[in-house]
1. Would region 120-141 turn up any residue that is part of a helix (DSSP H, G or I), surrounded by fewer than 19 Cβ atoms within 10 Å (Cβ to Cβ) and either out of contact with any strand residue (DSSP E or B) (no Cβ under 7 Å at 6 or more places or on another chain) or in contact (Cβ under 8 Å) with a residue 60 or more places away in the chain (or both)?
2. Can you find a residue that is among the hydroxyl-bearing types (Ser, Thr, Tyr) and either assigned to a helix (DSSP H, G or I) or in contact with a helix residue (DSSP H, G or I) (Cβ under 8 Å, 6 or more places away or on another chain) (or both) anywhere in region 150-165?
3. What about residue 172, is it farther than 20 Å from residue 22 by Cβ and either in contact with a helix residue (DSSP H, G or I) (Cβ under 6 Å, 6 or more places away or on another chain) or not assigned by TED's automatic domain parsing to the domain that holds residue 20 (or both)?
4. Can you confirm whether region 72-89 contains a residue that is over 30 Å from residue 223 (Cα atoms) and modelled with pLDDT of 90 or more?
5. Among the residues of region 338-369, which ones are modelled with pLDDT under 75 and surrounded by 10 or more Cβ atoms within 10 Å (Cβ to Cβ)?
6. In region 108-151, how many residues are among the basic types (Lys, Arg) and either at pLDDT 95 or above or within 22 Å of residue 63 (Cβ to Cβ) (or both)?
7. Which residue is surrounded by the fewest Cβ atoms within 10 Å (Cβ to Cβ), if the candidates are limited to region 146-167 and must be of a type outside the set (Val, Ile, Thr), farther than 21 Å from residue 106 by Cα and touching an Asp or Glu at 6+ places or on another chain (Cβ under 9 Å)?
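The values are calculated or read from the model by the stated rules, or taken from the named source; none is laboratory data. Predicted model, so just to flag it, every value in this text is computed and none were measured. Counting neighbours? That spans all protein chains shown, and the Cβs are built from the backbone with ideal geometry, glycine included.
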Amino acid sequence: MGILDFLTGEFIDVIHWVDDTRDTMVWRFEREGHAIKYGAKLTVREGQTAVFVHEGQLADVFGPGLYMLETNNMPLLTTLQHWDHGFKSPFKSEIYFINTTRFNDLKWGTKNPIICRDPEFGPVRLRAFGTYSMRVADAAKFMKEIVGTDGEFTSDEVSFQIRNVIVQELSRVLASSGIPVLDMAANTGDLAKLVNTAIAPKIADYGLTLPEFYIENVSLPEEVEKVLDKRTSVGLAGDLSKYTQFAAAEALGNAGSAGGAMGAAVGAGMGMAMGAQMAHSGPWGAAPAAGAPMAPPPPPVETVWHIAEAGATKGPYGRGHLGRMAGEGSFARSTLVWSPGYAGWVAADTVPELAQLFTILPPPPPPGA
């Protein structure tokens with residue numbers, strides 16, 4: 001092999017790109033004077049696309065595979081150069097490798113709160129954040145609209161613009177959804193689909209697509225969340241008077257451990273005062289109206305009794321009715337009685353409530369009266 005053949009072989013290009021980063025989207029093949037040899041080999045790996053730019057004009061796009069850069073497989077470039085098939089001089093062109101794999105775990109979030117009208121709370125301010133994945137769907141459009149002549153383009157350079165598009169559409173979707181704030185967590189999946197569908201045309205104008213889009217959380221301002229926590233605590237407490245007694249008992253324990261007997265006395269006084277105030281107050285501790293009489297306690301529930309007589313059950317009778325029967329002589333001490341709560345029949349005089357009926361009976365009338 002002569003020296004000329006050796007030098008010719010040495011000048012044959014092997015053009016490829018191995019990406020060792022996780023955020024590079026576009027890398028330009030660097031060559032002094034952008035001189036690409038005729039017959040050079042171009043290797044495009046899976047997850048890549050190669051774009052030829054000649055004199056500022058996009059010449060060709062190559063998908064994954066091995067290519068020999070000759071005039072017969074580059075018709076557009078041949079037209080631009082007016083080459084003959086025998087022309088073997090180097091041509092000046094730029095080759096950009098574009099990463100078409102997914103860029104995952106990209107963050108987005110609202111910089112300022114979104115004002116929405118909640119059906120339960122009224123006007124509220126909401127914040128939201130989440131993640132998304134991005135990939136290049138149209139390499140030629142991405143080069144024209146976003147990259148330009150940047151020799152090394154990273155995902156950070158375009159993610160800021162995508163976040164702006166996301167937040168704009170998210171604000172519109174949240175404001176028009178009509179979903180209560182307390183139900184947002186159960187509908188984040190549907191909201192994410194609405195947002196992704198709304199931003200898809202704009203993202204496609206950049207030659208990009210968002211394969212995944214997630215809303216991780218929709219939250220209220222910190223001050224509102226504290227008030228909501230208090231409201232939840234009241235709901236969990238249930239009976240406010242019992243909750244006050246529990247709080248007073250807890251204060252006693254804390255005061256006793258902190259200040260001894262004097263602290264316990266102070267805690268007991270506070271607990272008694274709070275209990276009295278809650279007992280004489282309306283809902284949520286509101287004082288009753290001036291001069292309003294206190295409601296009387298409910299009347300006690302009267303116990304009713306059944307009696308067994310001649311193998312039959314009679315009743316139920318109240319205590320007053322049994323008293324009249326005792327006066328008439330049809331209800332005696334030995335009469336068997338039963339009431340709910342008793343295991344079986346018992347004699348009437350064994351029940352303290354009924355035994356009193358026989359002690360207040362008048363004596364029998366004198367003979368001959």
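1. Restricting attention to region 120-141, the residues satisfying the condition of being part of a helix (DSSP H, G or I) are 139-141.
Narrowing further to those that are surrounded by fewer than 19 Cβ atoms within 10 Å (Cβ to Cβ): 140-141.
Remaining after also requiring either out of contact with any strand residue (DSSP E or B) (no Cβ under 7 Å at 6 or more places or on another chain) or in contact (Cβ under 8 Å) with a residue 60 or more places away in the chain (or both): 140-141.
Yes, there is a match, as at least one residue in region 120-141 is part of a helix (DSSP H, G or I), surrounded by fewer than 19 Cβ atoms within 10 Å (Cβ to Cβ) and either out of contact with any strand residue (DSSP E or B) (no Cβ under 7 Å at 6 or more places or on another chain) or in contact (Cβ under 8 Å) with a residue 60 or more places away in the chain (or both).
2. So the first thing to find is which residues in region 150-165 are among the hydroxyl-bearing types (Ser, Thr, Tyr), and the list is 154-155, 159.
Add one more test, that the residue is either assigned to a helix (DSSP H, G or I) or in contact with a helix residue (DSSP H, G or I) (Cβ under 8 Å, 6 or more places away or on another chain) (or both), and what stays is 159.
Yes: one or more hits.
3. Working: farther than 20 Å from residue 22 by Cβ: yes; either in contact with a helix residue (DSSP H, G or I) (Cβ under 6 Å, 6 or more places away or on another chain) or not assigned by TED's automatic domain parsing to the domain that holds residue 20 (or both): yes.
Judged against the criteria, residue 172 is a match.
4. no
5. The answer is 361, and nothing else.
6. Kept after step one, since they are among the basic types (Lys, Arg), are these residues of region 108-151: 111, 117, 125, 127, 135, 141, 144.
Adding the requirement that they be either at pLDDT 95 or above or within 22 Å of residue 63 (Cβ to Cβ) (or both) leaves 135, 141, 144.
The number of residues fulfilling the criteria is 3.
7. Within region 146-167, the subset of a type outside the set (Val, Ile, Thr) is 148, 150-153, 155-157, 159-161, 163-164.
If we keep only those that are farther than 21 Å from residue 106 by Cα too, we end up with 148, 150-151.
If we keep only those that are touching an Asp or Glu at 6+ places or on another chain (Cβ under 9 Å) too, we end up with 150-151.
Values: 150: 15, 151: 12.
Step by step, filter region 146-167, then rank; the result is 151.
Residue-wise test of (1) at pLDDT 85 or above; (2) assigned to a helix (DSSP H, G or I).
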| site | (1), (2) |
| --- | --- |
| 195 | yes, yes |
| 202 | yes, yes |
| 209 | yes, no |
| 215 | yes, no |
| 244 | no, yes |
| 248 | no, yes |
| 254 | no, yes |
| 271 | no, yes |
